[in-house]
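Enquirer: Dropping the structure in here first, questions after.
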Amino acid sequence: MNEKRRLTFNGTIFGVIFFILTMMPLSATSGEIVVGMSTALSGPAEALGNSMKQGVEGYFKKVNSSGGVNGNTIKLVALDDGYEPDRCALNMRKLIGQEKVLAVIGNVGTPTAIVSVPIANEKKTLLFGAMTGAGVLRKTPPERYIINYRASYAEETGSMVEGFIKAGIKPSEIAFFTQNDGYGDAGYKGGIKALKAHGYADAENLPHGRYTRNTVNVEDAVTIIAGAMPRAIIMVGAYKPCAAFIKMAKEFLPDTIYANVSFVGSIPLAKLLSKTGEGVIVTQVVPHFKSDLPGVTGYREVLGGQEPGFISLEGYLAAKIFVEGLKNVGPSPARESVVDAIEGLKGLDIGIGVPVTYSKNNHQASHRVWPTVIKDGKYVPLSWSDLKK
C-alpha cells in the first residue's frame, strides 16, 4: 500500500471510529450512568438540599450494591446552588454540557426551578422528581422533559382550605404567610383558588404577610397578620423564616393554627421550634417516615444509622421511580429513551399505596397529600376532623 492510500485508509478508519463514539448513548460508557442534581447544599435551605441528596444517593447505592441497572452503576453528581437561581442555572449547564449527565434528578426549590426548567427543555434533558410543587413544572399539556413525583403546592394548600372549612373555620378567618417569590406565589395562588371554589370571592383581600428568600425578616409579616387575628394561617416558606414567624406570632396568636406546606423542611422546623412547635401542621407529599408501608421500611433500611425524614424519603422514592424507568431502557440508555421509558410506566407499585402511572399527557406520579402535626416534639398523622373543638 503506497503512502497516499495508507493515509486515506487511516483517515477513513478514524472517521468511522469518531462517528461511532459520537453516536454512543450518553452515560453508557464504562458501565456507569451519570445523573445530576443542583440543590442547596449550603445556606439557609441546606437541610432541604442535603436531605434530598441523601435519599437519592441512598437508593442509588442500594441499586449499585445489587449489581446496578442492566449492568450499569449509577453515579450522582450533586452541585451546590445555595437555593439561588443564578447558581442553579450555571450548575444545570455544567451538568448537561460538561458532566454529560443522562438526566437531572431531585433539584430543590421553585426559584431554582424557574431557571432550570427552560434549560432542561432547551438541552432536551430530563428534569425528574424536583422537590417543588410549583406550576412552572406542571404545564398543560406537560413539557416532555419535565416529569414530577409529588403533589403540587396548589394541592397542598387546597387540602388545608378543605380541612379548615370542615373544622368550622370560615374563609374570612384564614391568612397567608409566604416567601416573596415564585414558591410563595405558587402556594398562595393554590389557596386562593381553593377558597374561591368554596364561593369566597374576597380571597385576595385576606391578610398576606411576606418575607424575602434566604432571610428571616418576618417582622412586617407578623404585624400584618397578627392585627387581623386569624384562626388559621397557611404558610409557604422555608424552615428558618417559618420558625421565626411562628415563634413571634404565637406571642399574639397563641390559639391560631399554623399550617405549612411540605417544602418547609419538617424536621429542621420542629427542631428550631422546640416547645413552641406543639400543634403546628405540615402537609406532606409522602407517607410518614415511620410507616410500616414496604416502600418506607425499605427506605429506612438504606439509611443505616442516619436520621429519617420526609424529604429524604421523597428523594428515595423519586430515585426508585427513575431506576424503574432505566430498567426498561436496556444497557445503553440515552436521554430520549429514558423519557420514553418513564412515560411508559403504568401501575408501578413503589410501596406507598399510590400506584405510579405516567403517560405523554400525565407527568405527575402522585396527587396524594398526607397531613401531619407536631405532638410532643414529634410528627404524627393528622385527621382534619381533629381540629374541631
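The values are calculated or read from the model by the stated rules, or taken from the named source; none is laboratory data. Only a predicted model underlies this, so the values are computations on that prediction, with no experimental measurement involved. Quick reminder, even Gly has a Cβ in these numbers, built from the backbone with ideal geometry, and neighbours come from all protein chains shown. Ligands, DNA and RNA are stripped out before the accessible areas are found, and what is left, the full protein with its side chains, is counted by its heavy atoms. Shrake-Rupley method; radii C 1.70, N 1.55, O 1.52, S 1.80 Å.
Enquirer: Say the dipole of region 234-389 comes from +1 at the beta carbon of Lys and Arg and -1 at that of Asp and Glu; which of Gly347, Pro294, Ile267 then lies farthest toward its positive end?
Expert: Farthest along the dipole direction, towards plus: Ile267.
Enquirer: Positive end of the charge dipole of the chain (Lys, Arg +1 and Asp, Glu -1 on Cβ, about the Cα centre): tell me which of Ile165, Val104, Ala40 has its Cα farthest that way.
Expert: In the chain, that residue is Val104.
Enquirer: What relative contact order, as a whole-number percentage, does region 247-389 give when Cα pairs under 8 Å and 6 or more residues apart are counted?
Expert: 27
Enquirer: Calculate how steeply helix 46-65 sits against the longest principal axis of the alpha-carbon atoms of the chain, using the helix alpha-carbon long axis, and give the answer as 0 to 90 degrees to the nearest 10.
Expert: 40
Enquirer: Using packing as a proxy for protection, rank 125-137, 80-92, 322-334 so that the peptide with the highest average count of other Cβ atoms within 10 Å comes first.
Expert: With the highest mean Cβ count within 10 Å placed first, the list reads 125-137, 80-92, 322-334.
Enquirer: Which entry is the computed Cα extents along the principal axes in Å for this structure: (i) 90, 58, 36; (ii) 69, 53, 38; (iii) 95, 39, 36?
Expert: Looking at Cα extents along the principal axes in Å for this model, the match is (iii).
Enquirer: Roughly how many Å is it from the Cα centre of region 54-71 to that of region 281-305, as a whole number?
Expert: Answer, in whole Å: 18.
Enquirer: Got a number for carbon plus sulfur as a percent of the chain's accessible area, 1.4 Å probe?
Expert: Answer for the chain is 55 percent, counting heavy atoms of protein chains only.
Enquirer: For every helix of n ≥ 4 consecutive DSSP H residues, a contribution of -39,500 (n - 2.57) applies; sum these over the chain, divide by its total residues, and give [θ] at 222 nm rounded to the nearest 500 deg cm²/dmol.
Expert: The helix contribution divided over the chain gives -13500 deg cm²/dmol.
Enquirer: Nearest 10 degrees is fine. How inclined is helix 3-23 to the longest principal axis of the chain, computing both from alpha carbons?
Expert: Helix 3-23 sits at roughly 20 degrees to that axis.
Enquirer: So if I take the centroid of the Cα atoms in region 90-124 and the same for region 307-341, what is the distance between those two points in Å?
Expert: Spelled out, the Cα-based centre of one part sits 16 Å from the other.
Enquirer: Can you tell me the accessible area per residue over the chain, all protein chains present, probe 1.4 angstrom, in square angstrom?
Expert: I get 42 Å² per residue for the chain.
Enquirer: Follow-up. Got the relative contact order for the chain handy, in percent, Cα pairs under 8 Å and 6 or more residues apart?
Expert: Relative CO of the chain lands at 19 percent.
Enquirer: Using only alpha carbons, build the gyration tensor for region 243-325 and give me the equivalent ellipsoid semi-axes, biggest first, whole Å.
Expert: Working from the Cα gyration tensor, I get semi-axes of 30, 12, 10 Å.
Enquirer: Here's something else I'd like to know. Using the Cα atoms as the points, what is the convex hull volume per residue of region 147-273 in Å³?
Expert: Here the figure is 107 Å³ per residue.
Enquirer: To test your reading of the geometry: what angle, between 0 and 90 degrees and rounded to tens, separates the Cα axis of helix 239-249 from the longest principal axis of the chain?
Expert: In the chain, helix 239-249 runs at an angle near 0 degrees to the longest axis.
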